[in-house]
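The values are calculated or read from the model by the stated rules, or taken from the named source; none is laboratory data. A quick note: this is a predicted structure, and the numbers were derived from the prediction, not measured. Positions of Cβ are backbone-derived with ideal geometry, glycine not excepted, and every protein chain shown enters the neighbour counts. Note: areas computed on protein heavy atoms with side chains; ligands, DNA, RNA excluded. Shrake-Rupley method; radii C 1.70, N 1.55, O 1.52, S 1.80 Å.
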Amino acid sequence: MALIPVAPENRSHVLAEFDRLDPLLSALRLDSGRLKCTSLAVSRKWLALGTSAGGLHLIQREGWKQRLILTHKEGSITQVSCCPHDEDFIAVATSRGLLVVWDLQLERRGRPERLAVSWEHRGQTITALCWDNSALRVFVGDLGGKVSYLRAGSSKLGKGSAFLIFPVHTVTTVDSRVVQLGYQDGRLLVSSLSRCYLCDTEREKFWRVGNKERDGEYGACFFPQNRGLLLGQPPLLYCARPGSRIWEASFNGEVLSTHQFKQLLACPPLPLITHRNEPHYNPEHKSPQSVAFPRLIYLGDQNLLTWTDSAIYIFTPQNGQVLLWTEVKDLVDIAVHRNELFCLHASGCLSHLSLLPAERCVERLLRRESWPLAASVCCMFQDSITTSRVRKSISIDRLEHLRSQLSSDSQSELLSQLDEVISKLEPLDSASSSRRSSISSHESFNILDCGIYRVISRRGSQSEEETSSLINQSTSQEEFSFVQEDDQVALDPQSSERVEAERSEQGLQFHLPMSFRPKPPRMALQAVKDSVSSFVKKTTEKITTLQMNSELRQRPEFREGSQADVTVPYSEEMDSESYDDVPNAEAGMQELRSATERAISQIQDPSVLLDPVCLTKTLLEWLPVLERILGPEEHESPPASDSQVDGPGKGSWERDCLNSSSEQQEAMSTESLKEEEEEKREDIPEVGENQDQCDYPEKEAGFSIDTLSEPVRVESPKPIPPDLLDHIAQLATLYAELSCFRKQEKEALGCTTFLRRYFFLLDEERVRRMCLLCHQDQPEVQSSFIEAMLELTRSSKVVEVIQRGELLRSMRSLRELQPWSPPPLLAHLHRLYEKHGEAAVRLFSQFYPTITPADVMTMAQQRHFLAYLDNLVQSQTEEHRLSFLQSLLDPESLRQDWLELALTHDAPQRYDTLTPEGQPRWHSHRFSWGYGRLLSLLTRLPADLPSKQKMAETCRGRGYWTGYLYLCCELQRRSEAFSTICQLDDISLLEEPEGLQPQSLEEWKVLIQLSQQCTSGGDGERVAGVNGNSWSDGSADCGSKISPESLTLMLARSAGPDRALAVVEDCGVQLILSPQSKLVCELLRVTETRQRAMIQTMLERCDRFLWSQHT
């Protein structure tokens, strides 16, 4: 990573993107090419999104939950505006010039209603909306320059206010298109392409702002003055001018001054702080900018916001300065609430940005554990970070903790830059608090986030005291720490240093992974490996473990034999005894190395590798050595009695203490997890909202620890050299695959046992593929693999986010892990599925192809897998869905399995589609199928003849007549299809573009005969009203029925009435046409005669013309 340039000192604010709204658009299906977001508005409670299909999605900002969808048939949504003083009202403009004011009625728990409608701008594109800030009145401007308002009455405002005689009123018509509207204290500001106009709506007076015209899109807005000495002053007006200039005008429209930003914009753009890419700041980019500001918006704390299609600009006009400008691509519109920006891009996607000081940005990134991004911002804005005023929010400990989270290999330059920033940190300002000024001058301190003052003696080195300060706070609250409300404490520096040194020595023997603490090198690896998921739980366990281990250390009689009297952790006797085991460990590892090399050399012979018998024999000769050296305790050689106290090396006693405390923590956590699981299983039957959760215990039963006696080992019990580990992993994975797919001898280890015992040696990706192939025959292998991956990923920071129960935030954290590795990602998705069920599975499609449908099949229930598969297929463009679904069929038998699954879930009952005799019920093809789109694609997939026959029988057996008719047509079983259509009695099945039309007169005869049979034999069912009288849309009327008369009229339209009647006579059907049918036949005859005459005349004229040209 290259050195990060430092931003100038006057650049103190940034635009940061903390939340990505892509999952929200995906859930709303607004990320497809057919449907996209066209407009947006935001308020304290709502995010309103207008779509190209005329829908308005109202998203509750707390939790990003969709609450309402308001539909409009009058065109796509072009403008949306939320009422600033009552969030129950929202104004919507469509592409046809319709304006609608909606009353959401959330307080009264009613249905949303259209409170007022205006067609004043019919046929014109509405370009601007603006609410009155004290009344239910919406001002509207359009492409032709017309400005009007719509007054909406509501029963919320009092009796009689809902009745308005003239709700729509035209205010004025300006010379060109309305660019922007603003309203403040009875005055309306209209910005057109050429001028700005100010209107007093109460007195109906109009005047221009300034005298000079302009040509182009330039915005204007009111600028409230409601702070400090300006409180109560009338607002100002700011109007954009060409050449990066902005007029400042009074409330009466008099121009006071002109702000020139062209030269001020000759500064490099600040990067957008986002997880999508690394921030890049180029200090060499310095050129004046002549920009036309198409919109002006008052933003937050006395700032002015504007933008173009490629950048966002924020000014502080009262100081005449540029706060920042940032490059953002393809901007179309921006909605603002306080310091939050919601940006709509040309592609229809959204971004959520926040304007905040650099130190606040770093603080939020630290809370989200975005370590590299936080370090980059610290280095880039170090002038803001190093000042004393930010020590309350970003203490030295937090920056030291940030430093410890960076990789010394891949982020060395970033680490060195961060070290420079930390070295420049200023102490807390002594004048900022009277409390701090009372502390003696020989001590300094900082304030932790919890409100505790941390005192640092200046007589010792700063780094040593920072390393041990948090340990001292947790072990002794009467020294070096006090709460803000306590009295001043006088300390002895020498005694404090002595006590601090003793406690730091004690603290090194116990694993206390405290937040924001730079760990010593000897404890760094152990701290990373044993980190706890939740901060609150971690803090509680720290204190408990500290107390327990302190008591054990004070009572050394828990050791055996003569070691009971030992109080010094590293004595000479212990060191000498520990070194006796070193030759034994080295000899065992050497034996394993020689056995591994021998096995590797044997399997390199193709005759051994390709012969399962020889390969099995080779691996079985190597396996006992692996069992003896790296197997569980019962397979290891028993160590000497004294060696249980001493381990190899200097840190043996310390490791034993750590292991004992970690075992106690694991036992306590396992018991608590089991209790929580039992409570969940007891509570699940009481949940009435979603019955899918009732099946979780059945699905999770395979993953519980109690089902398999041997624990999964994910860490090696002994250190293994890297070169040897590669060879052992190759042999171990090969043995696991061989034992899974080939029946082993009785004395050999089974696949499940071997996987649980030596998972730390196996290739995770190969084991995952192996489990996918054998999960139906050996589900315990899949269960053991998932259990191992859950254990292996337990310390990931994503687990902490998933446990909080916020689905969208969890998905965002998983996306930040890119590039993904399938096994760890699969473990996280298991956690999400256990937490959220079907709602989580529907979002798994965004991880394809890393996570395949086969992975989800092994994890989720059948009905949940169907939802995943449907979302995955629908995420593709319409022309690629069929080929994409075909690519997922591995093996081909999945086509039939998925078809049966889709036909049995969220589907009509069989007695609704089939008669007791197995025949189609009348109009039963009109039932809706929950996975109809997926079924349509499955039946249209290319397949061989037996597969299509089996699919056709399956569709018939379940009553899925649309698919059955298509397959009958593919199989050339047209007579069966015609018989089914006659029984369904819907002539639209023959008329639609995809309908099955007869292709010859013989087929017409068959169809007419079948209709005659069904008409005479099926009247009873139709009279009884089975599936018939329940249709409320008039689809069961006489015109849609199949009868010899209706088929004769169809044939008459294609072949002529005379030929149609002749076919009916050949069929032996006695047909008496109704008067209306006779009239149709007569009209067809006349039409046919005239067409023949016209064709004859045209042919004669063509013939004469050709002969004339010939002569």
Between R804 and V714, Cβ-based FRET efficiency (R0 30 Å, step 0.05) works out to 0.75
Can you give the accessible area of V714 in Å² (nearest 10), computed on protein heavy atoms with a 1.4 Å probe? 30
So E1065 and D200, fully extended at 0.36 nm per residue minus their Cα-Cα distance, gain in nm 303.1 nm
The simple spin-label model distance between L1001 and L35, using points 7 Å out along Cα→Cβ, in nm, is 5.0
Members of K212/K286; K65/K835; K392/K424 lying beyond 19 Å, as alpha-carbon distances in this model show: K212/K286
Under a point spin-label approximation (7 Å from Cα along Cα-to-Cβ), what is the S1074-Q862 distance to one decimal in nm? 4.6
Amide H contacts of L762 (H built 1.01 Å from N, under 5 Å, at least 5 apart or other chain): none
Through the Karplus equation 6.51 cos²θ - 1.76 cosθ + 1.60, θ set to phi - 60°, convert the phi angles of segment 138-150 into ³J(HN,Hα) values in whole Hz; use x for Gly and Pro. 10, 8, 10, x, 10, 5, x, x, 7, 10, 9, 9, 10
What is the spin-label model distance, in nm, from E113 to S875 if the labels are put 7 Å beyond Cα along the C-beta direction? 4.3
Theoretical FRET efficiency, 1/(1+(r/R0)^6), r = Cβ-Cβ of E900 and S975, R0 25 Å, to 0.05: 0.45
Report the local net charge at Q124: Lys and Arg +1, Asp and Glu -1, summed over other residues whose C-beta lies under 12 Å from its C-beta. +2
At 0.36 nm per residue, minus the direct Cα-Cα distance, what do H1110 and D1058 gain on full extension? Give it in nm, one decimal, please. 14.7 nm
Can you list residues from other chains, or at least 5 along the same chain, whose modelled amide H is less than 5 Å from the amide H of V14? L356, A358
With unit charges on the beta carbon (Lys/Arg positive, Asp/Glu negative), name the residue among L807, A732, L749 whose Cα is farthest towards the positive pole of the charge dipole of segment 722-812. L807
In whole Hz, the Karplus estimates of ³J(HN,Hα) for segment 283-296 (6.51, -1.76, 1.60; θ = phi - 60°; x where Gly or Pro) are x, 7, 7, 9, 8, x, 10, 9, 10, 9, 8, x, 9, 10
How big is the accessible area of K286 in square angstrom, nearest 10, if you roll a 1.4 angstrom probe over the protein chains? 140
Residues with amide H under 5 Å from that of L323, placed H, sequence gap 5 or more: I314, F315, T316
Could you give the length gained on full extension between R338 and T1089, defined as 0.36 nm per residue of separation minus the Cα-Cα distance, in nm? 262.8 nm
